[in-house]
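This report concerns only the one structure given below.
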Amino acid sequence: VQLVESGGGLVQPRCSLILSCAVTGSILSLNAIGWYRQASGKQRQLVASITRGGNINAADSVNGRFTISRDNPKNTVYLQMNSLKPEDTAIYYCYADYGIHYWGKGTAVTVSS
């Protein structure tokens, strides 16, 4: 299983970005899929995840601003990020839980004026 993230970049505060994670396996068979992020000098933390049944878990810091969604036929999961803040600056990693966790290589998001 391979996960390939895309969509990161440099944006100004209050702007939006959408991240994509394309999975080589079927996302219908996984337990959960989602996004973590790791800021410089900090531990990796969960941003948002969605289970096979469609239950969503999101960090308090992004609730109301970020939305996770998935396109099953395309085996792709998205992270719509609105009202970005400088503290959202991090490397964003996609993960897929098939009983074993698989990780992408990450995509960098920088929020700065």
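The values are calculated or read from the model by the stated rules, or taken from the named source; none is laboratory data. Predicted model only: the values in this text are computed from it and were never measured. As a convention, Cβ positions derive from the backbone with ideal geometry for all residues, glycine included, and neighbour counts pool all protein chains shown. Just the protein is used for accessible areas: all its heavy atoms, side chains included, with ligands, DNA and RNA removed. Shrake-Rupley method; radii C 1.70, N 1.55, O 1.52, S 1.80 Å.
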Please work through the chain and write down the cysteines that have no neighbouring cysteine Cβ at a distance under 4.7 Å.
CYS15
Given the stretch 1-76, what whole percent of its Cα pairs are spread farther than 19 Å?
40 percent
Heavy-atom accessible area of the chain with neighbours in place, 1.4 angstrom probe: carbon+sulfur share in percent works out to 48 percent
accessible surface per residue for the chain, probe 1.4 Å, DNA/RNA/ligands not counted, whole Å² -> 53 Å²
For the stretch 13-21, in order, what is each residue's ³J(HN,Hα) by Karplus, 6.51 cos²θ - 1.76 cosθ + 1.60 with θ = phi - 60°, in whole Hz (x at glycine and Pro)?
x, 6, 8, 10, 9, 10, 9, 10, 9
